[in-house]
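For reference, the structure is listed below as structure tokens.
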Amino acid sequence: SPVAREEEWRMLQDYYRGPYFFQAHVFQQLNPVYIELDHVFRQTNMDFVEILNQVRNNALTPQSFAVLNSRVKSLGVKELRSLEGAITLSTHNSKVDAINEREMDALPGKVYHYSATIKDTFPESMSPMDETLTLKLGARVMFTKNDSSQEKRYYNGKLGIVSHLTEKTITVTCEGEEPIDVHREIWENIRYTSEAGSEVVQPEVIGTFSHYPLRLAWTITIHKAQGLTFDRVVIDAADAF
């Protein structure tokens, strides 16, 4: 379901039956052409595509179950570190934080801390990342926002290695690419208002959060990985809920 913040829905519920896009008034006036997308672009292994569809439909066959189980391995820390370029997807923030901290501690060199700049109203519950970013040279990181500059050098979910650090600059190198000098990005807290009797909704920026769009990425939560594409993954679903 769409995520509608309580204060926003209080204003919108007088005009709409629900928060779904097809409940917009303009959509009710359309006679849309329905198109079914039936080509999978993210996977080329059709056997795997079939297994994914079986899982999605809750119709996993014994044969597919056996294929999935053939991928289950018990990996120690050394074995995980040997899987170059692989990212671990785990179930809980506490597990993710513990693994990332362990890998950071294993790196030599100086620790750098970078703080967010928060202006006006930007509640902690909306924060797109931790207020303090801690890095070392060699840290594995993931970008958490699309590049807002014209260069478009990075996107949300892009993985890389920290290759240069100063107190005020961060450089990340991604496989097969030129190093990226990372700049701060801005997230906005927008409030929507409408005057009585008006059908016009006005956006108003009431606060901003500025930070380097990076997070440690030896491992991330399965939740954070939704919508992202990775070449090599280790899935730690032992405590799946």
Reported set for the range 16-36 where residues are surrounded by 12 or more Cβ atoms within 10 Å (Cβ to Cβ) and over 24 Å from the mean Cα position of the chain (by Cα) is Tyr16, Gly18, Gln23, Ala24
Taking the range 57-81 and keeping residues open to solvent by 80 Å² or more (accessible area, probe 1.4 Å), closer than 26 Å to Leu159 by Cβ and at pLDDT 85 or above leaves Arg71, Val72, Lys73, Ser74, Lys78, Glu79
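Looking at Glu178, Glu199, Glu195, which is the one that is assigned to a loop (DSSP other than H, G, I, E, B), among the charged types (D, E, K, R), open to solvent by 10 Å² or more (accessible area, probe 1.4 Å) and in contact (Cβ under 8 Å) with a residue 60 or more places away in the chain?
Working: Glu178 fails: in contact (Cβ under 8 Å) with a residue 60 or more places away in the chain; Glu195 fails: in contact (Cβ under 8 Å) with a residue 60 or more places away in the chain.
One residue alone meets the criteria, Glu199.
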Within the range 126-154, the residues that are open to solvent by 50 Å² or more (accessible area, probe 1.4 Å) and of a type in the set (A, V, I, L, M, F, W, C) are Met126, Leu137
Only one of (1) under 29 Å from Gly157 (Cβ atoms); (2) open to solvent by less than 80 Å² (accessible area, probe 1.4 Å); (3) touching a residue at least 24 places away in the same chain (Cβ under 8 Å) does not apply to Met11, and that is (1)
The residue that is surrounded by the most Cβ atoms within 10 Å (Cβ to Cβ), considering only those in the range 181-192 that are over 20 Å from the mean Cα position of the chain (by Cα) and more than 30 Å from Leu107 (Cα to Cα), is Arg191
- If you check Val141 against the conditions, is it without any contact (Cβ under 8 Å) to a residue 60 or more places away in the chain, within 19 Å of the chain's Cα centre (by Cα) and under 19 Å from Arg215 (Cβ atoms)? no
Log entry, pairs with first residue in the range 29-47 being within 30 Å of Asp231 (Cβ to Cβ) and of a type in the set (D, E, K, R), second being outside any loop (DSSP other than H, G, I, E, B) and modelled with pLDDT of 85 or more, beta carbons closer than 8 Å, six or more apart or on different chains, reads Asp47/Val67
Selection from the range 51-78 of residues within 20 Å of Leu216 (Cβ to Cβ) and of a type in the set (D, E, K, R) yields Lys78
With respect to Ser163, is the statement that it is in a strand (DSSP E or B), of a type in the set (Gly, Ala, Ser), at pLDDT 90 or above and open to solvent by 50 Å² or more (accessible area, probe 1.4 Å) true? yes
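Kindly indicate whether Ser94 is under 21 Å from the mean Cα position of the chain (by Cα) and open to solvent by 90 Å² or more (accessible area, probe 1.4 Å).
Criteria not met by Ser94.
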Here the residues within the range 87-122 that are touching a residue at least 60 places away in the same chain (Cβ under 8 Å) and assigned to a loop (DSSP other than H, G, I, E, B) are Thr91, His92, Ala116, Thr121, Phe122
Exercise for the section: Report yes if Ser125 is modelled with pLDDT of 90 or more and outside any strand (DSSP E or B), otherwise no. Expected result: no
Only one of (1) modelled with pLDDT of 90 or more; (2) open to solvent by less than 20 Å² (accessible area, probe 1.4 Å) does not apply to Gly157, and that is (1)
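The values are calculated or read from the model by the stated rules, or taken from the named source; none is laboratory data. Just so we're clear, the structure is a prediction, and the values are computed from it rather than from any experiment. All Cβ positions, even for glycine, are placed from backbone atoms using ideal geometry, and neighbour counts span all protein chains on display. Note: accessible area is taken over every heavy atom of the protein model, side chains too, but ligands, DNA and RNA are not part of it. Shrake-Rupley method; radii C 1.70, N 1.55, O 1.52, S 1.80 Å.
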